[in-house]
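The values are calculated or read from the model by the stated rules, or taken from the named source; none is laboratory data. Keep in mind it's a predicted model, so treat the numbers as computed, not measured. Reconstructed Cβ throughout: ideal geometry from the backbone, glycine too, with neighbour counts over all protein chains shown.
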Amino acid sequence: MTEPDPSSVPSSTGAGPPAGVDPTEWQRLTESLESRFAPHAEAAAAEVRSAEQKLAQARADLERARQESAGRRYQSDRLVFMRASVGEELEGLERKTTPKKLRVAYRYLLARAAELAEGEVAGYRADQAAIERDREHSVDARAEAERQAAVRLESARQMHDRVRQAQEAARRGLAVMVEKLGDDSERASA
């Protein structure tokens, strides 16, 4: 069997019927082909558009993360000094000799120790929030998101190509059928 000429493959319902094919039948066949593939072709195109948008967003997020990372300043841990201060206050309390000085030093130590405890809890929570934020928004996380978006786009494009190939196979099949019907009608009239 010879493959039909690609130029004879119907590409839309606007193409005229080949010789020997009833125009009404031709229109029904081409409309059927197009209507069967229209939702799939549109869905495939929509997936490609969505993947392109996600890749563009991932690239913008990566650039923003890089700028934020470059602009981040060093910040020292103030709790290091508070811990040392509480230790010094405790040592100083041991050197106090009068009850009044002991009570005053203890109240000061208590206030500093409570402030340190509050700072430790707040610091722990801030560290956990930073870890969570870095897991989602760091340069590495954004680079991985961009890589995954690029992979998804490539997969969507491949799927879209396979949908077009399936539609093209159906069009070629229609052309073969039309050619065979034309051959049969020529034989019948001869």
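Quick one: would you say P17 is assigned to a loop (DSSP other than H, G, I, E, B), at pLDDT below 70 and either surrounded by fewer than 12 Cβ atoms within 10 Å (Cβ to Cβ) or at negative phi (or both)? Break it down stepwise before answering.
Details: assigned to a loop (DSSP other than H, G, I, E, B): yes; at pLDDT below 70: no; either surrounded by fewer than 12 Cβ atoms within 10 Å (Cβ to Cβ) or at negative phi (or both): yes.
So P17 does not fit the description; no.
Does L102 fit the bill of being in contact with a Lys or Arg (Cβ under 7 Å, 6 or more places away or on another chain) and either loosely packed, with under 15 Cβ neighbours inside 10 Å or without any contact (Cβ under 8 Å) to a residue 24 or more places away in the chain (or both)? Even if it seems obvious, please write down each step before you answer.
Working: in contact with a Lys or Arg (Cβ under 7 Å, 6 or more places away or on another chain): yes; either loosely packed, with under 15 Cβ neighbours inside 10 Å or without any contact (Cβ under 8 Å) to a residue 24 or more places away in the chain (or both): yes.
It is true that L102 is in contact with a Lys or Arg (Cβ under 7 Å, 6 or more places away or on another chain) and either loosely packed, with under 15 Cβ neighbours inside 10 Å or without any contact (Cβ under 8 Å) to a residue 24 or more places away in the chain (or both).
Are any residues in segment 55-86 free of Cβ contacts under 8 Å to residues at least 40 places away in the same chain and surrounded by fewer than 12 Cβ atoms within 10 Å (Cβ to Cβ), and if so, which ones?
Those that are free of Cβ contacts under 8 Å to residues at least 40 places away in the same chain and surrounded by fewer than 12 Cβ atoms within 10 Å (Cβ to Cβ): Q67, A70, G71, R72, R73, Y74, Q75, S76, V80, F81, A84.
Taking segment 27-82, which residues are touching a helix residue (DSSP H, G or I) at 6+ places or on another chain (Cβ under 7 Å) and closer than 23 Å to D140 by Cα?
Hits for segment 27-82 are A51, E52, K54, L55, A58, R59, D61, L62, A65, R66, S69.
What residue, among those in segment 131-163 that are exposed (fewer than 14 other Cβ atoms within 10 Å of the Cβ) and touching a residue at least 60 places away in the same chain (Cβ under 8 Å), is nearest to the chain's Cα centre (by Cα)?
Q148
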